[in-house]
Amino acid sequence: MTDEEIFAVLRAQIVDVLPEAADVEITPDHSMRDLGANSIDRMDVVIAAQEELGVKVPNSELTGAGDLRSLVGVFRRSLSARA
């Protein structure tokens, strides 16, 4: 799975949890906090993305992801390790 495909999953989950983000051009440089997500929203997005991608990422790896680009990298590494 490419970074673009992983980003598309994240973007879809963000819009699902934060419908007001549908009108925003979400880029990899955004953080979910930039988009108005509180801690519960962020958790919902990450859990839904993990389910859709079929991975389980340890919380310790997620805490270092400050923006969506970093989060894509975390998911990519997890997908690669699974393969």
* To do: May I ask you to list the trypsin sites (Lys or Arg not before Pro) in segment 1-73 that are in a DSSP loop and have at most 12 other Cβ atoms within 10 Å of their Cβ?
  => Lys56
* Hey, any idea what % of the chain's accessible area is carbon plus sulfur with a 1.4 Å probe? -> 50 percent
* **Debye log10 I(q)/I(0) at q = 0.19 Å⁻¹ for the chain, Cα point scatterers** => -0.75
* Karplus-derived HN-Hα couplings along segment 4-17 (A = 6.51, B = -1.76, C = 1.60, θ = phi - 60°), whole Hz, x at Gly and Pro -> 5, 5, 5, 4, 4, 5, 4, 4, 4, 5, 4, 5, 5, 7
* **Amide N proximity, segment 39-62 versus Val24 label position 7 Å along Cα-to-Cβ, cut-off under 13 Å** => 39, 41-42
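The values are calculated or read from the model by the stated rules, or taken from the named source; none is laboratory data. Keep in mind the model is a prediction, meaning the values are calculated, not measured. Every residue, glycine as well, gets a Cβ built from its backbone with ideal geometry; the counts of neighbours run over all protein chains shown. Just so you know, the surface numbers come from the protein's heavy atoms only, side chains and all, with ligands and any DNA or RNA stripped out. Shrake-Rupley method; radii C 1.70, N 1.55, O 1.52, S 1.80 Å.
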